[in-house]
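Quick note: the coordinates plus some simple rules give every number you see, no bench work behind them. These figures come from a predicted structure and were not determined experimentally. Ideal geometry is used to build each Cβ from the backbone, glycine not excepted, and the neighbour counts take in all protein chains shown.
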Amino acid sequence: MSHRPQFLITLLLLLSAFIYIRFLSDVRAVPLKRGLNQFPTHIGEWVAIQDEAMDKKTLDILNVDDYIMRHYQNHNGHSLWLYVGYFQDQKEGAMIHSPKHCYPGGGWQPIESGIQT
């Protein structure tokens, strides 16, 4: 028994899905309700002590629609940096990327990763 018809049908379905996703899907942009600069400056014991701005070259490379890069500190003097990049829609040249790859590429060494509530 030949598997050629099954292979061709599978190939046709995959090709159709690719064409639909790449050219025909109507991806709606999701606008922010307010700018990321409205993110709280006090979160529990953490207080924002400094907002950082990216240079033009970095912004041009990221092609981010909005971002916040903020330094927080608690009463013990411990620090953390918060970066949130917002991309209104996902398209070639304006896509999110994983901090697991981005930070080491920028010379940072992650110490811990997790969810805090």
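Approximating the spin labels as points 7 Å out from Cα along Cα→Cβ, the Q88-to-F39 distance works out to 2.0 nm. Length gained on full extension, Q116 to I19: 30.9 nm, using 0.36 nm per residue less the C-alpha separation.
How much length is gained on full extension from C102 to F7, taking 0.36 nm per residue of separation minus their Cα-Cα distance? Display every interim value, and only then the final one.
Details: separation 95, 0.36 × 95 = 34.20 nm, distance 3.87 nm.
The span from C102 to F7 would gain 30.3 nm if fully extended.
Which angle from 0 to 90°, rounded to the nearest 10, does the C-alpha axis of helix 4-19 make with the longest principal axis of the chain? Here the helix axis deviates by roughly 40 degrees.
Magnitude of the charge dipole for the chain, about its Cα centre and with charges confined to Cβ atoms of Lys, Arg (+1) and Asp, Glu (-1), is about 440 debye. Dipole of region 43-112 computed with +1 at Lys/Arg Cβ and -1 at Asp/Glu Cβ about the Cα centre; of L80, Q50, G106, farthest Cα towards the positive end is G106.
Using θ = phi - 60° in the Karplus curve 6.51 cos²θ - 1.76 cosθ + 1.60, the 3J(HN,Hα) couplings for region 64-69 round to 7, 7, 7, 7, 9, 9 Hz; x is entered for Gly and Pro.
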